[in-house]
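Notes to accompany the following structure.
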Amino acid sequence: MSPSTRNEFLVDLRLVQEEVRSGVVPAYSIKKDGHWNIWLEYCRTHKLDPFLHGIKDKVAILQVFGRRFRVGKIAPRGKRVMSKSVQDAVRSVGQGFTVLGADDPRHASDGKIDFRLKRQFRSYKKEDRPSIQVKPLPICIIMAIVAHSARLGTSAHAKALANLVCIAFFFLLRPGEYTGTVTDDQAFSLDDITLYVHSRRLSNQHSTDEELLSATNLTLTFTTQKNMNNGQTIAHARSGHPTCCPVLATVRQLLMHRHAFRLHGRAYKGSTKLASIYSPTGKNVPLRASDFTTTIRLFAATKRTVTGVSPSEYSARSLRAGGAMALMAGKCDDNIIKLLGRWRSDAMMDYLHEQSLPIFKRLAGVMYNNGHHSFLPSETVPILAVG
């Protein structure tokens, strides 16, 4: 290969590697890069070639790497980590091999993960303490937050938090989609919102305030969110409540941004994150997940006699679970809940079923009132012998 051809090839190779990296959200790429850097340091310490050339049993090297990551010797924070984090780190190493064209050292000859790694990960999972699941947030707490924000003198910060609490609950949003967390690249922008009056589309920039306030439904379009289904939209109509409504909460938040643009003499900017407010000088400030957790717990304390749940069991993640639980309690089909929540597995549904006391406490009465059966004379029911 001539020098010019080689240089051209290397340029294209770097571009392809960037394209591969862009296939996941930036935060995920950063985590993967961190795992690979830890692997390089691990190999350097043990005077090993990072691609394990000449080593017959590569799995043993990965196993020791996994164990040291597990106990915290080489983990980023120097603390013991959960089994899933170990699997992620070892997976990152394997993927680092394959990105550069080498065989994944985790795989046995049949192409499956080596059974020793499987057993190792399984033993770590058994040792892990049970994960603490947040409680689904009931509507009474959301109503309290929204009602407080409507009072005279309530700060713009509190009003924005109430708007996003409402939006996140109804759309079953992940914290990274409605806050300014470290993954705020996933958060919805103003351009991701589309408002309608029945079938007529409104303009976020040019429609009057009155037109926007008359909106009857809206859609959110996924562009940079975690599920990576770019272009996917989810929709809601009005809830029927004058304030606790996904459409009206979205309009209130949009109007807040438009007012700030005018106040500070700026042009409308559609890329602005929905979950943000403005300082007195006009600086755009993101709403953090910690802001939502603090607010939720504050109002959860006022409703503890109703919910029976400690405020500490709620967090910003409770809104997604709370919206799903509300749909389940309303006897909504599981597939519809999964569709709105963008779940590709039954993991969250299993968790919700574990928490669904309002649903289960009705079942005994249903079974009692519908437990009378009769059969046609020709039908027989087999009787199992006992003993």
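Here are the numbers:
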{"read-out": "Percent of Cα-Cα distances greater than 33 Å, calculated over the range 139-357", "value": "11"}
{"read-out": "Mean-position separation - Cα centroids, the range 141-161 and the range 183-217, in angstrom", "value": "21"}
{"read-out": "The range 277-329-the range 53-132 distance, computed between alpha-carbon centres (Å)", "value": "36"}
{"read-out": "Viscosity 1.306 mPa s, 10 °C: Kirkwood-radius Stokes-Einstein D of the range 145-224 over Cα pairs, µm²/s", "value": "113"}
{"read-out": "Only Lys, Arg (+1) and Asp, Glu (-1) charged, at Cβ; the range 139-357 dipole about Cα centre in debye", "value": "480"}
{"read-out": "Subset of Lys159/Lys269; Lys283/Lys303; Lys73/Lys273; Lys73/Lys283 violating a 32 Å alpha-carbon distance limit", "value": "Lys283/Lys303; Lys73/Lys273; Lys73/Lys283"}
{"read-out": "Among 62-68, 262-268, the order from most to least packed when residues are scored by Cβ within 10 Å on average", "value": "62-68, 262-268"}
{"read-out": "Anisotropy class of the range 22-127 from Cα gyration tensor, a/c 1.5 cut", "value": "rounded"}
{"read-out": "Dipole moment magnitude, nearest 20 debye, the range 99-223 about Cα centre, only Lys, Arg, Asp, Glu C-beta charged", "value": "820"}
{"read-out": "For the range 139-357, with +1 on Lys and Arg beta carbons and -1 on Asp and Glu, the positive-most of Ala160, Ala147, Phe261 along the dipole", "value": "Phe261"}
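Read the figures in this text as sums done on the coordinates, not as results from a lab. Note that the structure is a prediction, hence the values are computed from the model and not measured. Backbone-built Cβ (ideal geometry, glycine too); neighbour counts: all protein chains shown.
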